[in-house]
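The structure under discussion appears below in the form of structure tokens.
The values are calculated or read from the model by the stated rules, or taken from the named source; none is laboratory data. Predicted model only: the values in this text are computed from it and were never measured. Every residue, glycine among them, receives a Cβ derived from its backbone with ideal geometry; neighbour counts consider all protein chains shown.
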Amino acid sequence: MLMIKRLMTKYIPAMLTCEEIDDFLYDFHEGQLSYTEHLTFKLHLRLCKECKDYVRKYKNTIRMSQAGFTKADPAEKVPEELIEVILKSRTKK
Ligand SMILES: [Zn+2]
């Protein structure tokens with residue numbers, strides 16, 4: 001597999017290496033790649049299982065962190081248990 005990848009990057013000039021995929025990933029996700037870059041990126045993912053998995057994990061991480069941000073909505077920031085603990089500590093005195 002590694003051999004095939006080496007040949008690919010050697011004979012297809014626009015072909016990205018796995019390291020370059022890593023560099024392009026952020027821009028790809030943000031939609032900042034040019035049309036050609038986008039195509040070569042996609043082509044690499046078609047041919048390289050490692051990078052495909054990597055991109056999938058990256059997307060999941062982004063999604064999870066975004067979900068984490070919405071969860072931290074100020075209105076729901078203080079958990080019930082914490083309020084109870086504060087109230088109990090106040091009545092102790
Ligand atoms: Zn790759």
Residue selected from region 50-64 under the condition without any contact (Cβ under 8 Å) to a residue 24 or more places away in the chain and either in contact with a strand residue (DSSP E or B) (Cβ under 9 Å, 6 or more places away or on another chain) or away from the ligand (no atom under 16 Å from the Cβ) (or both), by the criterion farthest from Glu30 (Cα to Cα): Met64
Residue list for region 15-66, filter: modelled with pLDDT under 90 and among the small types (Gly, Ala, Ser): Ser65
